[in-house]
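Since every read-out is calculated from the coordinates, none of them should be taken as a lab result. This structure is a prediction, so every number in the text was calculated from the model and none was measured. For neighbour counting, all protein chains shown are included, and Cβ atoms are generated from backbone atoms with ideal geometry for every residue, glycine included.
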Amino acid sequence: MVQKAKILLVDDRPENLLALEAILSALDQTLVRASSGEEALKALLTDDFAVILLDVQMPGMDGFETAAHIKRRERTRDIPIIFLTAINHGPHHTFRGYAAGAVDYISKPFDPWVLRAKVSVFVELYMKNCQLREQAALLRLQLEGGAGQPKESPGLLAELSARLAAVEEQAEALSKQLDDDSADAAAVATAAHLERKLTGLRRALDALEPGTGGAPSLPAQN
């Protein structure tokens, strides 16, 4: 069973959270509510999230301050943040959002289809990265288990190769989907990083084939 991605929704107004849930329910992922910046930071201590939808104007810790805390933590600094705001902002306000680490800045009322499409891209990237980490972990186990043995198990190598091929195919399709002038720069950069890691993992796996020589080094998983 494929594990669902978690999406963090942060807004101090229950009606706004309800609206976000209605819009994103079609993605069939796990939606987690937080009614304040403090509550969002607590949720991020224990769970991994594909993307964060963060309201800018909240009492106490606002969206900018919350984002700053998220980006300071090593565990959470790479999670994409989409700012949502009802403020009639100018260029300076928008720049402050991007400076705080947001990958996008959307004004309310927003187009539900656009928001859903943007979130789905980051969910797909997150799932592909999870699959890639799984393949890397399996390959490491194969390398460690095969140390000192004359050859690797052909059956396991074939299974690993097939699984990696499926991830490569999905990543290629996602890259083609992002090959558009309107695509988010952060999503494109993440997809390119994913492809580089896939290439490194494929080379490491190919090096395990009989007759290819010694054990390869694996790409860093970050």
In region 34-61, the residues that are hydrophobic (A, V, I, L, M, F, W, C) and part of a helix (DSSP H, G or I): Ala40, Leu41, Ala43, Leu44, Leu45
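The rows are residues; the columns are (1) of a type in the set (A, V, I, L, M); (2) surrounded by 14 or more Cβ atoms within 10 Å (Cβ to Cβ).
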residue	(1), (2)
Gln3	no, no
Ile7	yes, yes
Asp11	no, yes
Asn16	no, yes
Ile23	yes, yes
Gln29	no, yes
Arg33	no, yes
Ser36	no, yes
Glu39	no, yes
When residues of region 2-19 are limited to those that are under 19 Å from the mean Cα position of the chain (by Cα) and not charged (D, E, K, R), the one farthest from Met127 (Cα to Cα): Val10
Qualifying residue in region 46-68 (condition: exposed (fewer than 14 other Cβ atoms within 10 Å of the Cβ) and without any contact (Cβ under 8 Å) to a residue 24 or more places away in the chain): yes
